[in-house]
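Let me begin by presenting the structure, written as structure tokens, before commenting on it.
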Amino acid sequence: MTAPLKPRSLAAWAPSDTPALNLAIAKRALLDIGICEIPPGSNRSGRIDEYVRAVGSPIGSYWCAAALAAWWREAGAEIPGSLAGSCDAWLAWARETRSWSPVPAIGRAVLYGTPADAVHVGVVVRVDPLLLSVEGNTSIDGTSRNGVAVDLKLVNTARVIGYVSPTPL
């Protein structure tokens, strides 16, 4: 008789030198994979409404940045204050706080769009051998700035503006 498999921890693939805060952010985001809008297309559910309320955005808003804010806040990272529900606010804040980076790393936010207009955001959860992110308000079968779920995605590097490094509260 074989012994039962022991469950592995979330993000067990992360390099041992991954900063604790970055690892906590990635693990927190991974826990929300599978959260869906109810009904699909509504930008609503109990948890999604919590994300959006916490950043002061109207219920039913696009919620990728609000999800990012929840994951960072719950892991103990600073967020861009009351504007954390906006991708453009994350972009401006990262530049102001000098936390902007062209390099992906576990736990960093990945921003998509153009240098003048951030339209979507997620959290990097793996960089090797694939660059993967967890994204809220994303499409399951493609890329969209207004999807229906939290999902694990292959980062579309052609759309990436850059990355935001977390700092502790």
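Below are the figures for this structure:
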quantity	calculated
Gyration tensor verdict on region 108-159 (Cα atoms; rounded if a/c is under 1.5, prolate if a/b is larger than b/c, oblate otherwise)	oblate
Carbon + sulfur, % of accessible area of the chain - ligands and nucleic acids excluded, 1.4 Å	59
Ratio of Rg to Rh over region 70-169 (Cα coordinates, Kirkwood Rh, two decimals)	0.93
Relative contact order (percent, whole number), the chain, Cα cutoff 8 Å, 6+ residue spacing	25
Accessible surface, the chain, averaged per residue in Å² (probe 1.4 Å)	49
Cα gyration tensor, region 1-82 - rounded (a/c under 1.5), prolate or oblate	oblate
Packing rank of 100-111, 40-51, where each peptide gets the mean count of other beta carbons within 10 Å, highest leading	100-111, 40-51
Kirkwood Rh, angstrom, the chain [1 / mean 1/r, Cα pairs]	15.8
Helix-only [θ]222 nm of the chain, DSSP H runs n ≥ 4, -39500 (n - 2.57) each, per residue, nearest 500	-7500 deg cm²/dmol
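The values are calculated or read from the model by the stated rules, or taken from the named source; none is laboratory data. These numbers come from a predicted model, not from an experiment. Neighbour counts are summed over all protein chains in view; Cβ atoms, including those assigned to glycine, are modelled from backbone coordinates with ideal geometry. Areas reflect the complete protein model, heavy atoms only, side chains present, ligands, DNA and RNA absent. Shrake-Rupley method; radii C 1.70, N 1.55, O 1.52, S 1.80 Å.
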